[in-house]
Amino acid sequence: MAKGDWNDLTCHVWAHVASKISNQTQVKQLHAQLIQNSLHHHYSWVALLINTCTRLRGPLSCTRTILRYSTATPSPNIYAFISALEYYYTLPVCKEQEVSSLCHQLLASANKPAALYPILIKSSGKAGILFHSHLVKLGHHHDPHTRNALMDSYAKFGPIEAARKLFDEMPERMAEDWNSMISGYWKWGKEAEACCLFNLMPENKRNVVTWTAMVTGSANMKDLITARRYFDLMPRRNVVSWNAMLSGYAQNGFAKEALHLFLHMIKAGDGIEPNQITLVAVISSCSSLADPCLADSVVKFLDKKKIQLNSFLKTALLDMHAKCGNLETAQKIFDEFGEHRNCTTWNAMISAYMRFGNLALARELFDKMPVRNVVSWNSMIAGFAQSGQPAMAIQLFKEMIAITNLKPDEITMVSVISVCGQLGALEMGNWVVNFIVENQIKLSISGYNTLIFMYSKCGSMKDAERIFQEMKVRDTISYNVLVSGFAAHGRGIEAVELMSRMRKEGIEPDHITYIGVLTACSHARLLKEGRRVFESIKFPAVDHYACMVDLLGRVGELDEAKRLIDRMPMEPHAGIYGSLLNASTIHKRVELGEFAANKLFELEPSNSGNYVLLSNIYASAERWGDVDRVREAMRKLGVKKTTGWSWVEHDGKVHKFIVGDRSHERSDDIYRLLEELCRKMGRLGYIVNKSCVLRDVEDEEKEEMVGTHSEKLAVCFALLVSEVGAVVRVVKNLRVCQDCHTAMKMISMLEGREIIMRDNNRFHHFIDGQCSCRDYW
DNA sequence: GTAGGGTTAG
């Protein structure tokens, strides 16, 4: 080959060579070969080299060299320069000044046709606006296309006001100018301005792009109704318009609508063929429906239409298989990616493992991945939070903010807030809220809803109400979370009032609201209000009946409760009989209790609580023979009483206890206090098998069956640290035993402090020797 | 190579 020669054949050969390059050393070798052949001045070579670097996404120094080199060649290649610029600008080490000076060098270095400026600006991404002053200097900014390109850069990357200024200064506007401006407004969340401009735009200038921009804009504001209206009104649709509508549905959780629209598209879509992007939306909808049959038909469709799989499609497929329960296929797709995996692929695989409960493999993958983004951290934090490992979730969050430059976003914070709620860790919750404010993390409605949830789970309804009041826009969930909070804290009146307010503000209560309000009435013994609420439900579900049975039972109307069960239009579930059994225990109704318990033994034979409750009913009626019979039945069936953990938060740290626990550093003090407490309360207490057993003073043979004693340890610890003078929050997951309840009342009276106890879903406020929940013990 | 559509985390 003659030196410096360049023709189609050599181009083809060298392009083939370049396409095989897989590492930086080979790039350098190719560069050396070019120099050897004196081809290095030819701009097509520069383009080839830079494209290779771009493909590898790694050899940074090489790209920088070539970037400088491409402006220094006698005939600089604008396209090669753009490729390099685009790539370089996405790198974290990119220096804007450097880019700007290179741009100016290039612009000043040679005469180029005016048509190149818009291309240069468009292709430069965020760097496009750096050309502005230069173009004004050269007088090129009056060219309509250049001007549009500049305006578009401002519209995309901000400030949007600068774009509007250019737009207003235009003597006449092309459709592209209107479209750029409208899309810009949508991009910056300025819905009103976008719609206003759309209405101002002359009707004959609106084209398929304008309409599609309106569809996408509305969909991004989560207003799918309006998006669909624009879609239906469009005079002409192409594949992009269909994709916009499909993706709108898919990204906003309207999977069924997306699939429905897709079927419509392939049946009567004006002869429009679905492409890769269409299928990405379709596959992601199949993922959220988690239906393996649907997954199968999509795979067949891809095969039939011979659609090429790109990395977006492959990742979507990986996710779909994982969500449909097929981890092997997901794993296979991940393995086939090989070196071409990107961050999203890794993340999809990590969340697949998390979904299958394989935390160890998820962690291994997370540690192995070369680059982690916010989603990677979020997947891990959420995964641990949802797998009952809240401490690990918190640790990862701390690592994230300590060792990475990544900024936690709303999704990170929602996981962390929810962990604080799970743990009942109020101090940590407050710290997290502070973090959100300091780092200016914007929360959406669902973010605020999580905050309300957290505060009510941490026992601070005051804060929960404050957040609710501060919200400018609320949805059904906001009301439901607060109503459930009131219910858990036994504040019935507030729950009923909140539902009225909800109706007044034009938000219709849903079945969850009704469950919350009825539960609140039940805990506060508001029979009249509860009846009214129940009667206002148009189609009461089985859970609403359960709440009503619970309410009737607690206030002692057990016969009416039984009649309601008999009248129910559907089959009663375990919750219904559970409420009846519980009420029978409280009101010592042996026969009704037996009836409910027998139903429950059929429905859930291994639930130990039912046996314990029945045995308690017999005990209260002094039918010791029956007590023994139930215990014997439990033993024979191998039903074990489940034990639970109790938590206390102190000084921002959560302390965890279980029966017989000796692991706490203040364990000795705790047990000493426990004995003292038992003595003070006029009961005999002693420690057996490292755990605490209480015996009734009057009947030394009768061991306490209720309570797991882990809460006793928790209570004692809470008392030990009580000198801090703060509200003590004892958090546990089983019903508080009577001793603890009595102890709490005593302490609240003697020390004049408020004590808040969390008992699974309920809260008990002890003030001045009284407990807030009237139906309790 | 002027404007519109893409995967993962709650």
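The values are calculated or read from the model by the stated rules, or taken from the named source; none is laboratory data. The model shown is predicted, which means the values in this text are computed figures rather than measured ones. When we count neighbours, we look across all protein chains shown, and the Cβ atoms used for this are built from the backbone with ideal geometry, even at glycine. For accessibility, only protein heavy atoms count, side chains too; no ligands or nucleic acids. Shrake-Rupley method; radii C 1.70, N 1.55, O 1.52, S 1.80 Å.
Here are a few things to note about the model shown:
- Positive dipole terminus of the stretch A:564-642, leading residue within A:Ser579, A:Leu600, A:Asn610 (C-beta point charges): A:Asn610
- Note on the stretch A:194-267 and the stretch A:473-547: Cα centroid distance 38 Å, given to the nearest whole angstrom.
- Rg ratio (alpha-carbon, reference 2.2 N^0.38 Å) - the stretch A:457-604: 1.10
- The stretch A:564-642 shape via C-alpha gyration tensor axes, a/c threshold 1.5: oblate
- Cα point-scatterer Debye curve for the stretch A:196-258, base-10 log of I(q)/I(0) at q = 0.13, 0.21, 0.25 Å⁻¹: -0.31, -0.75, -1.01
- Rounded, prolate or oblate (a/c below 1.5 giving rounded, otherwise prolate when a/b exceeds b/c) for the stretch A:283-396 by Cα gyration tensor: prolate
- Ranked order, A:Glu176, A:Glu161, A:Glu594 - accessible area, probe 1.4 Å, largest first: A:Glu161, A:Glu176, A:Glu594
- Accessible surface calculations at 1.4 Å, restricted to protein heavy atoms, place the stretch A:564-642 at 54 Å² per residue.
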